[in-house]
1. Which residue, 54, 20, 39, has the largest displacement toward the positive end of the dipole of the range 1-87 when charges sit on each Cβ (Lys, Arg +1; Asp, Glu -1)?
2. Per the Kirkwood treatment, what hydrodynamic radius in Å, one decimal, follows for the range 39-162 from the mean inverse distance over all distinct Cα pairs?
3. Could you put 37, 128, 261, 249 in order, starting from the residue whose Cβ has the fewest other Cβ atoms within 10 Å?
4. Considering only DSSP beta bridges where both residues belong to the range 172-323, give the percentage that are antiparallel (nearest 5).
5. Placing +1 at every Lys and Arg Cβ and -1 at every Asp and Glu Cβ, with all other atoms neutral, what dipole size does the chain have around its Cα centre, in debye to the nearest 20?
6. Any idea what the alpha-carbon Rg over 2.2 N^0.38 Å comes to for the range 94-203?
7. Of the listed pairs 115/285; 5/47; 24/210; 142/208; 264/285; 67/210, which have alpha-carbon separations greater than 18 Å here?
8. If we count other beta carbons within 10 Å of each Cβ, what is the order of 293, 266, 238, fewest first?
Amino acid sequence: MTDQKPRIFVAGHRGMVGSAIVRKLEDLGGSDLVTRTRAELDLTNQKEVEAFFHDEKIDEVYIAAAKVGGIHANNEFPAEFIYENLMMECNLIHSAHKAGVQKVLFLGSSCIYPKLAGQPMAEDALLTGVLESTNEPYAVAKIAGIKLCESYNRQFGRDYRSVMPTNLYGPHDNFHPENSHVIPALLRRFHEACERGDEEVVIWGSGKPKREFLHVDDMAAASVHVMNLAPEDYERDTQPMLSHINVGTGEDCSIAELAQTIAKVTGFSGRLVFDDSKPDGAPRKLLDVSRITSMGWSPTVTLEQGLRSTYAWFVDHIRSVRG
């Protein structure tokens, strides 16, 4: 039985990050992948999740399931963001533990760090200051996920790890005109401006905040890398109550610079107008990635390369993503 492939459950396999992890694991081979759609398994339902783990005999779990969105969505639906994310991670982590699953990887977000954290933000900035108000409910849920993993490790000897990605983008992103993150929102806005022949594109905010962006295929590669680290290698660079790992490029750009690059990628040649009546969010969000670098991983996709491939995916799937 030692030759049996590990059964790996990717929660959220239809989302941008989950689908990238599935692609990465399929490319690597050697595992038995298990997935469930939302209709097949409601991750906010404790009984359903417990029954799933009892029946499926899972060996490893990637928790990529989450309710996500940009500034507008976080402002409009704070109760949904905190409730659904808390319920999903609580059910998955506790049910995995009850079923004897030893290895879990929880995917969080860089919004866990204080609004005015020193830059770049190192892992030990967690819980040292006030969170950005526009996404505080989501951030609190993600912090709870980290602490759930650490608590099960400390009390039960589990090997539950956490990775905190910077701003992600790529295929299968949410391209909704209002409820999406900045890259898919701008790709769609510039594309439609080109279609209509507009002379200008309006970008929310002042354009001054700086952000770091990571292609989702790099995030998937980092996730698998961290999950597969030997325990002694993981523990050498982490602490029992400070165990999460930042994942990013270590480089950032202003929203204005991002918009200029997206204009180039989409072929838009008009004016860029910044609407500073819209919220900017945190002034800067750059991750200190020295911890994961010391663990032997670094990104491979440049921002312009990633934007070009993401735009090509959007154009190919435009009918299905328009809503």
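Read-outs throughout are calculated quantities, based only on the coordinates presented, and are distinct from any laboratory measurement. Everything numeric here is computed off the predicted structure, so don't read it as measured data. Ideal geometry is used to build each Cβ from the backbone, glycine not excepted, and the neighbour counts take in all protein chains shown.
1. 20
2. Computed over Cα pairs of the range 39-162, the Kirkwood hydrodynamic radius comes out at 15.2 Å.
3. Listing 37, 128, 261, 249 from fewest to most nearby Cβ atoms yields 37, 128, 261, 249.
4. 30
5. The calculated dipole for the chain is roughly 120 debye.
6. Normalised Cα radius of gyration, the range 94-203: 1.42.
7. Cα-Cα > 18 Å for 5/47; 24/210; 142/208; 264/285; 67/210; rest within.
8. 293, 238, 266
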